[in-house]
Amino acid sequence: MQSSDYEGTPNAVLEAMALETPIVATDVGGTRELVEHGADGIIVAPGSADVIAAAMEMMLDRPATAAAMAASARRRVETDLSFASRMSRVEAIYEALAAERTARKASAAGPYHYERT
């Protein structure tokens, strides 16, 4: 359970996902980007202990559902959130930026531009 009112990237949530632990987390920071509500865990609004408690009770009362969500979260960590996958997305961003810069430079130079050697 992660009951924060503020998070950047919630590493505790990532660690719980990797350990195949059922997730109940508040909808703050980057939590929703990591956990798909209803598939990988339960996301709740921050600031309500009653809502958090109810979500935790649901996980305890439905162990098969909690286990299925935890397994889904583990698969997500191994695929979409893996280091290799994240680095591929970062590389794609840099490649797109470099291509855009090259295209802008070429169009700004005009049709009669040549480079000296």
Filtering the range 60-76 down to residues that are without any contact (Cβ under 8 Å) to a residue 24 or more places away in the chain, assigned to a helix (DSSP H, G or I) and of a type in the set (Lys, Arg) yields ARG75
For the range 77-104 the number of residues that are assigned to a loop (DSSP other than H, G, I, E, B) and either surrounded by fewer than 10 Cβ atoms within 10 Å (Cβ to Cβ) or without any contact (Cβ under 8 Å) to a residue 40 or more places away in the chain (or both) is 3
Counting only residues that are out of contact with any helix residue (DSSP H, G or I) (no Cβ under 7 Å at 6 or more places or on another chain) and at pLDDT 90 or above, the range 60-89 contains a total of 14
Checking SER88, SER72 in turn, the sole residue that is under 17 Å from the mean Cα position of the chain (by Cα) and outside the structural domain of SER3 (by TED's automatic domain parsing) turns out to be SER88
Residue hits (the range 15-43; among the acidic types (Asp, Glu), within 17 Å of THR79 (Cα to Cα) and assigned to a loop (DSSP other than H, G, I, E, B)) are GLU20, GLU36, ASP40
Of the candidates ALA106, ALA49, ALA55, ALA12, the one satisfying the condition of being at pLDDT 95 or above, small (Gly, Ala, Ser) and out of contact with any Asp or Glu (no Cβ under 6 Å at 6 or more places or on another chain) is ALA55
Picking from GLU78, GLU57, the residue that is farther than 21 Å from SER4 by Cβ and among the acidic types (Asp, Glu) would be GLU78
For the range 34-47, pairs from a residue that is more than 17 Å from ASN11 (Cα to Cα) to a residue that is in a strand (DSSP E or B) and modelled with pLDDT of 95 or more, with Cβ under 8 Å and 6 or more apart or across chains, are HIS37/ILE43; VAL44/VAL24
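The values are calculated or read from the model by the stated rules, or taken from the named source; none is laboratory data. Keep in mind that this is a model prediction, so the values were computed, not measured. Counting neighbours? That spans all protein chains shown, and the Cβs are built from the backbone with ideal geometry, glycine included.
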